[in-house]
Amino acid sequence: MSTTATFVEARTARRWRAFDWQLLLYLLLLVGFGMVMGYSANYQAIGGDSGLSQTVKTLIWTSIGLTLFFVAASIDYHWLQTFATPIYLVVLGLLLATVVIGRNLFGAQMSISVAGVDFQFSEISKVLMVVVLAAFLASRRERIGRLSTIVGAGLLVALPTFLVYRQPDLGTAMVFVAILLGMLFMSGAGIGWLSLLGGATVAVAPIAVTALEDYQRQRLFCFLDPSADPQGACYQVVQALNAVGSGGLLGQGLTAGRQNQLGFLPVQSTDFIFTVVAEELGYIGGMILLALFALLIWRVVSVGWGARDPFGANIATGLGSLLLFQITVNIGMVTGIMPVTGIPLPFITYGGSSMISLLFGMGLLQSVRVHSWKPTF
Amino acid sequence: MSDLEGTTTARPSRARFVAATVIAVLLFGILAGRLFQLQVVDGALYAAQAAAARTIEMPIPAPRGLIFDRQGRPIAVNIPAWTLYGRPADLPATKSARNAVLAQAARLSGVALGSLLDRLAAFRGSPFELVPLATGIGREAALLIAEEEEQLPGISVGAEARREYLDETGARSGELLAHLVGYTGPISQAEFEDRSAVGYLRDDVTGRDGVEASFEKELRGTYGSELIERDAGGQPVKVLERLIDPVPGANLMLTIDARTQRIATETLKWGLEAAGVAQGVTIVMNPQTGEILAMVSLPTYDNDKFAAGISAADYAAYLDDPTRPLRNHAIADIYPPGSTFKLVTGLAALDEGVTTIAQRWPTYGCYQIPDASAGQCLFDWNHQGFGPLSIVDAYAKSSDTFFYQMAVALGVDRLGGWAQELGFGEKSGVRLPTEAAGTVVSKAWAHAQGRQDVFTGELAQAGIGQNAIAVTPLQLLNAYAAVANGGHLMRPMIVRGEADGEGNLTRKYAPELIRRLNASPGDLRTMRIGAREVITSGHATNIGALRVPGALSGKTGTAEFGTPTSQGVLPFHSWFVAYVPSQAGTTDAELAIVTFTYSAVVRGNVSLEVVKYFLQEYFNLDQDLRREFQVNAN
């Protein structure tokens, strides 16, 4: 018994030797960075939430998220593969519930309130959809190059995408599509079919745009010419550009950004948080944040590269696609090279749902890492 | 272990990994490059744009210049006043919530809700501007509202300077000098549109009436400006820099002596009350310079009411008053001058050679109009006639028939020309608003009546200041002043110069000569002697006993106007104009006065009694020679 126990303990200990401490370090740095920026964004004395109460909330969410991170890391991720179908049903259920009983946030039904706390199920459904797709693509291992793989994966994603689009949450819908394309590409889907799907997406985009609400469409096109309607739909873009540019090389100093502190960035602690980073910490601060993101993605990629099986690798590529897409679109949006869509900046944007979901996803990644470690007896 | 076998095949292809890495690096590169462009390359540009969007140049009002009397007594000062403001953008969006806030503001400020709503509805600017809803609210109310500002979104109070008007004792009283000083009030929408280019603000004030209006430019000063940083809601957060310092308006010193104004007011009031009439004018002037020492037009109004924001009821009462208290009758209205005009006819007759000083002319009880049918004659006030008279005697006794003959002999052009020479028929140019020009007899006047020429009877009547002659009291006084000073028609002055904050003269405005009269010194002297004779032997001997320091000279006038009563009697105005040279005929008079009483239909000359009373008080004489009037029952 004791030998067995010792063996198990030893095996476990060895497995944990594979634990990616760098991944955890970058996550903690990013979360800390986000907390500091969130504090600054809410710093202004005049009315409303004090910066600190938001920081406390973020601390609580981070604690929950980190707990989930370690729980996910310690569970063998292969379990999830067997639960792929129920997980998919849960995703659909949550999104449907949001459409039916969701409550209004900036004009869109994006969250439902449980015991006074808002849950944006679309955030967790992104991570869960990565798992679902990873399982599907892993099961299609032998036929990965066929069109049916792409069609199947597309259908899997289509339903939840449609549901979030109806909320209407254009941002999350785009993230679903990005995850789908990224995972298909990385899992080895036929490049010809994939190009066709990519082309089809681009072709469908204008139709999707016409189906949008007026305000969404206006906001979408502001990046092409922010001066078109600087007081109306493009107000945020104009003010964001002014804020980012005002930061200069070194920034105006934490809590000293005039655009931020004077309230010219209406949602500065949420989707436009990067404007605060850029204004207050300057180009240098922005580059530090980009570097942290780059390091994180490097860790995600390296886990995928080292994964023992396609399911693990797919989880890594899915999460990597999610992160890369959200970072690019969010920062692209506040710097005026991408349309304005409601996509949070991972770990930085204030919000419990995103934080908890992403930390859980990173826990899964850690699990892939830990459970892919090859014992070298 | 199948899962161990899979380790080599689990990996995605190397090529796709490389491709993905390239894409990721590219995306991060684009973001980094874009940030470099925005922040490092164009950073200054965006910073400037951002600064421009959140900063605004705000005007700094210049303190309005103070007004002093000629002795340095403050008569218009600035005091803090509280204004209730509303910012439409910050008021609640729903009508009921908005009205609740306004009702609460109305309750606290003690202003009618309706008036707040009217002001708000009348506002035509940006919803982010402050709309003055009520001015002159009490200090207590202002503090109360300031305390409750949290509960009153969009409502605020602000302190600014407003005018307070003082009398000669320094007491707050707006009646003594209302017509001269005027008042300030909010500018209208049309005025704002006209003057926004020269720095007027939507909620600005401007001078109305009096010196406040005519010296608006000097009193206003130049507004400065400062750069203010605003938050996204448009609320000012802090002052970034002072761009232009405001230049305070000039402090003005009036030519008016408030003490003299008081005497002139009280003595005129006495006369009007004693005669049972409402309207009258007294003007006191220094003939040497044209400086107006007092100018009273009764009834007056309270300019301090306007400064504090006059109520609609008070304003309507002023407008509906038939005696028109808001008008300065001394300059804005024209009246027949009656016999006082004989100065003009006499001077013209002498200078044009119609008569010599020694030549005696017959006078009549009724003067037959030369080209009219027999029996059409013009009465002398003395229906017996005086017998033959020289010009000095005729002037002293105020013989009408003598001056009918002078006027007819002069003709329309020469009589009218001399009236103009003495300043009639044109504005004197005193720097006060609403001055009237008056009427002198002329062919043009006849044309305006639809006739070729003036009837001879009209010409004769013009010679005694009736019919085709209408003057402002100021014009009449100024003409007498010009004769009194030896022939200098001076521009009447209301402002003596500029002063420091304590009321010491710092810059004197020079008196201005309109023209030297084209009359010989001898003829002028003859008229001055005549004016002295009026007091010593003539028509106004009862004032001659006053021991004024000098040789009081002057002329009475009674001017009929309007339509006859049922008894066939015309109502009449009474005039008395006088000046005080050191000796008879000299040109050194420093005091001239005219009093005019409107429709003073009583026995005796009310104006003469008023001037008498004024001189008693002005020179502090130990005499009271005032006579009772018999107030006529008709």
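All of the numbers you see were taken from the coordinates with simple rules; none came from a lab. On a predicted model such as this, the values are computed, not experimentally measured, just so you know. Virtual Cβ from ideal backbone geometry, glycine too; neighbours counted across all protein chains shown.
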_So for each of B:170-176, A:308-314, B:308-314, B:73-79 I average, over its residues, the number of other beta carbons within 10 Å; can you give me the resulting order with the highest mean first?_
A:308-314, B:73-79, B:170-176, B:308-314
*Dipole of chain B (Lys/Arg Cβ +1, Asp/Glu Cβ -1, origin at the Cα centre): which of B:581, B:85, B:345 lies farthest to the positive side?*
B:345
*With axes computed from alpha carbons, what is the tilt in degrees of helix B:14-35 against the longest principal axis of chain B, rounded to the nearest 10 within 0 to 90?*
20 degrees
*About its Cα centre, how strong a charge dipole does the protein assembly as shown have in debye, to the nearest 20, once Lys and Arg get +1 and Asp and Glu get -1 at the Cβ?*
3720 debye
*Positive end of the charge dipole of chain B (Lys, Arg +1 and Asp, Glu -1 on Cβ, about the Cα centre): tell me which of B:325, B:104, B:53 has its Cα farthest that way.*
B:53
*Mind checking the angle between helix B:606-618 and chain B's longest principal axis? C-alpha axes, 0 to 90 degrees, to the nearest 10.*
70 degrees
*Excluding same-chain residues fewer than 8 positions from residue B:238, which lysines have a Cα within less than 26 Å of its Cα?*
none
*From other protein chains only, count the Cβ atoms within 10 Å of every residue's Cβ in A:292-304, then give the mean.*
2
*Tell me which aspartates and glutamates have Cα within less than 13 Å of residue B:342's Cα, excluding those fewer than 8 residues away on the same chain?*
B:393, B:400
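With only Lys, Arg, Asp and Glu charged, each at its Cβ (+1 for the first two, -1 for the last two), find how big the charge dipole of region A:238-377 is about the Cα centre; round to the nearest 20 debye.
400 debye
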*Counting only other chains, what is the mean number of Cβ atoms within 10 angstrom of the Cβ of each residue in peptide B:23-34?*
6
*Might you report the magnitude of the Cβ-based charge dipole of chain B about its Cα centre, with Lys and Arg at +1 and Asp and Glu at -1, to the nearest 20 debye?*
600 debye
*Mind checking the angle between helix B:43-54 and chain B's longest principal axis? C-alpha axes, 0 to 90 degrees, to the nearest 10.*
50 degrees
_Cβ crowding within 10 Å averaged over residues, with B:296-304, B:127-135, B:405-413, B:470-478 ranked highest first_ = B:470-478, B:296-304, B:405-413, B:127-135
*For B:242, B:119, what ranking results if the residue with the fewest other Cβ atoms within 10 Å of its Cβ goes first?*
B:242, B:119
*Farthest positive-ward along the protein assembly as shown dipole, Cα basis, beta-carbon charges - from B:395, B:519, B:213*: B:213
_Per-residue Cβ counts within 10 Å, from other chains only, averaged over B:487-494: what number is that?_
0
*Cross-link partners among lysines for residue A:126, C-alpha distance below 24 Å, same-chain residues fewer than 8 apart left out?*
A:57
*Largest first and in whole Å, give the semi-axes of chain B's equivalent ellipsoid, each being the square root of 5 times a Cα gyration tensor eigenvalue.*
72, 25, 23
*Calculate the all-directions average of the projected area of the protein assembly as shown's alpha-carbon convex hull, and give it in nm².*
57.4 nm²
